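Enquirer: Have a look at the structure that comes next, please.
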Amino acid sequence: MREVLVAGAALVGLFFSLSAAVGILRMPDVYTRIQCSSKTVTMGVLPALAALVIGEGAFSQYGARALLIVALLGVLNPVAAHALARAAYRTGVPMWHGAVQDESLEDAAKKSGDPGDGRGGDGSGKRRG
């Protein structure tokens, strides 16, 4: 029974990891790629580490390390994704032309009194100034 759980968790992790790879290739801009990779890679690693914990036991050398990695991944992956997206935005990496709106730019325009639509005038979502 334990082997079936390990194989099932490993297959779930493999499925999510493969969907992350496909998503990174298919997404149109850096922001959606960051979102796709951070969520699906996390969901790919967690079942794989759960398979390791189930297979080896939580108090084994490998199981304890896997649980430590789960804890670190749960904290560091969202922080890293946020930092990457923020750095991309601040350096002016353009959003996909089909993006609906840029709320950060619209908020900045409202504070400065700019009557623009907050999309850089050409609808590209590029930052101004």
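Enquirer: For Cα extents along the principal axes in Å, the choices are (1) 64, 25, 18; (2) 70, 67, 18; (3) 55, 32, 27; which was calculated from the structure?
Expert: (1)
Enquirer: How high is the relative contact order of the chain? Use alpha-carbon pairs under 8 Å, at least six apart in sequence, and give a whole percent.
Expert: Working: 134 pairs, mean separation 28.4, N = 129.
Averaging sequence separation for qualifying contacts and normalising by length gives 22 percent for the chain.
Enquirer: What are the ³J(HN,Hα) values, in whole Hz, obtained from phi via the Karplus relation 6.51 cos²θ - 1.76 cosθ + 1.60 with θ = phi - 60°, for each residue of the range 77-93 in sequence order, with x given for Gly and Pro?
Expert: Taking θ as phi minus 60°, the curve returns 5, x, 5, 5, 5, 5, 5, 5, 5, 5, 5, 5, 5, 5, 8, x, 5 Hz for the range 77-93.
Enquirer: Relative to a virtual label point 7 Å from the Cα of residue 70 in the Cα→beta-carbon direction, which members of the range 4-47 show backbone nitrogen distances below 14 Å?
Expert: Inside the label zone: 6, 9-10, 13, 43-47.
Enquirer: While we're on this one: Using the per-residue mean of other Cβ atoms lying within 10 Å as a proxy for protection, in what order, highest first, do the peptides 44-52, 101-109, 31-39 fall?
Expert: Result, highest mean Cβ count within 10 Å first: 44-52, 31-39, 101-109.
Enquirer: Moving on. Which ³J(HN,Hα) values in Hz, rounded to whole numbers, follow from the phi angles of the range 21-30 under the Karplus curve 6.51 cos²θ - 1.76 cosθ + 1.60, where θ = phi - 60° and Gly and Pro get x?
Expert: 5, 5, x, 5, 6, 9, 6, x, 9, 5
Enquirer: With every protein chain in place, what's the accessible area of residue 27 (1.4 Å probe, Å², nearest 10)?
Expert: Solvent-accessible area, nearest 10 Å²: 70 Å².
Enquirer: Continuing with the same structure: Could you work out how much longer the chain between residue 21 and residue 43 gets when fully extended? Use 0.36 nm per residue separation minus the Cα distance between them, nm to one decimal. If you can, show how the numbers build up before the last one.
Expert: On the way: separation 22, 0.36 × 22 = 7.92 nm, distance 1.25 nm.
Contour length minus Cα-Cα distance gives 6.7 nm.
Enquirer: Moving to a separate point now. Once ligands and nucleic acids are excluded and a 1.4 Å probe is used, how much of residue 69 is accessible, expressed in Å² to the nearest 10?
Expert: Estimated to the nearest 10 Å², residue 69 gives 80 Å².
The values are calculated or read from the model by the stated rules, or taken from the named source; none is laboratory data. Values in this document were obtained by computation on a predicted structure and should not be read as measured data. We place every Cβ from the backbone using ideal geometry, glycine too, and count neighbours over all the protein chains shown. To get the accessible areas, we keep the full protein, side chains included, count just its heavy atoms, and leave off ligands, DNA and RNA. Shrake-Rupley method; radii C 1.70, N 1.55, O 1.52, S 1.80 Å.
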